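The values are calculated or read from the model by the stated rules, or taken from the named source; none is laboratory data. Since the model is a prediction, treat every value here as computed from it, not as a measurement. Because the Cβ atoms are built from the backbone with ideal geometry, glycine has one as well, and the counts that use them run over all protein chains shown. Ligands, DNA and RNA are excluded from the accessible area calculation, which covers all protein heavy atoms including side chains. Shrake-Rupley method; radii C 1.70, N 1.55, O 1.52, S 1.80 Å.
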Amino acid sequence: MRQIKDSEGLRKHVQLWESESTEDAPIGYILSLEGADSIVTVRHLERSWEQGLRAVGPAHYGPGTYAQGTDATGGLGQRGRELLAEMRRLNIILDATHLCDDSFWEALDHFDGPIWRATRIAER
């Protein structure tokens, strides 16, 4: 496995996989955190970034420290907005996948950095 930390690393990894010989090529991954409750304070986020963290979902399921997740209601609050500001400073991707609607829309109002949101495609 190979950790991808920046666009240059991603470009090189894609080139490797586009080559004809990928049988022994490592799998690339981007380190992501679903549910930011383990980030004790916003200041701890930079330490995680230095270790390779590149995407953060502020919440996962239910109420969280920084946002409200799946099956919850409510916005981000001050701590969530502070987290988003630090994520923007570090250019960390906002994983909006598990944010409840209220937190999702508030996050979009306060975050102008990179965002991803996974969706599930139902089988027919």
- Message: Take the residues in segment 28-51 that are of a type outside the set (V, I, T) and assigned to a loop (DSSP other than H, G, I, E, B); name whichever of them is surrounded by the most Cβ atoms within 10 Å (Cβ to Cβ).
- Response: G35
- Message: Can you go through T97, T73 and tell me which one is assigned to a loop (DSSP other than H, G, I, E, B), more than 20 Å from W116 (Cβ to Cβ), of a type in the set (S, T, N, Q) and open to solvent by 20 Å² or more (accessible area, probe 1.4 Å)?
- Response: T73
- Sort through A118, A85 and tell me the only one that's open to solvent by 50 Å² or more (accessible area, probe 1.4 Å) and under 24 Å from G9 (Cα atoms). A118
- Selection within segment 48-78 - within 29 Å of S7 (Cα to Cα) and out of contact with any His (no Cβ under 8 Å at 6 or more places or on another chain): S48, W49, E50, Q51, G52, L53, R54, A55, V56, P58, Y66, A67
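Mind telling me which of the residues A55, A25, A85 ends up being part of a strand (DSSP E or B) and either out of contact with any Leu (no Cβ under 6 Å at 6 or more places or on another chain) or modelled with pLDDT under 95 (or both)?
Numbers: A25 fails: part of a strand (DSSP E or B); A85 fails: part of a strand (DSSP E or B).
The conditions single out A55.
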- Pair list, Cβ < 7 Å and 6+ apart or interchain, from segment 25-48 residues that are more than 16 Å from G77 (Cβ to Cβ) to residues that are small (G, A, S) and outside any strand (DSSP E or B): L31/G52
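Looking only at residues in segment 55-67 that are open to solvent by less than 30 Å² (accessible area, probe 1.4 Å) and under 15 Å from the mean Cα position of the chain (by Cα), which one is farthest from E106 (Cα to Cα)? Walk me through how you get there before you give the answer.
Residues of segment 55-67 that are open to solvent by less than 30 Å² (accessible area, probe 1.4 Å), as a first pass: 55-59, 62, 64, 66-67.
Remaining after also requiring under 15 Å from the mean Cα position of the chain (by Cα): 55-59, 66-67.
Numbers: A55: 18, V56: 16, G57: 14, P58: 12, A59: 13, Y66: 12, A67: 10 Å.
The extreme case among them is A55.
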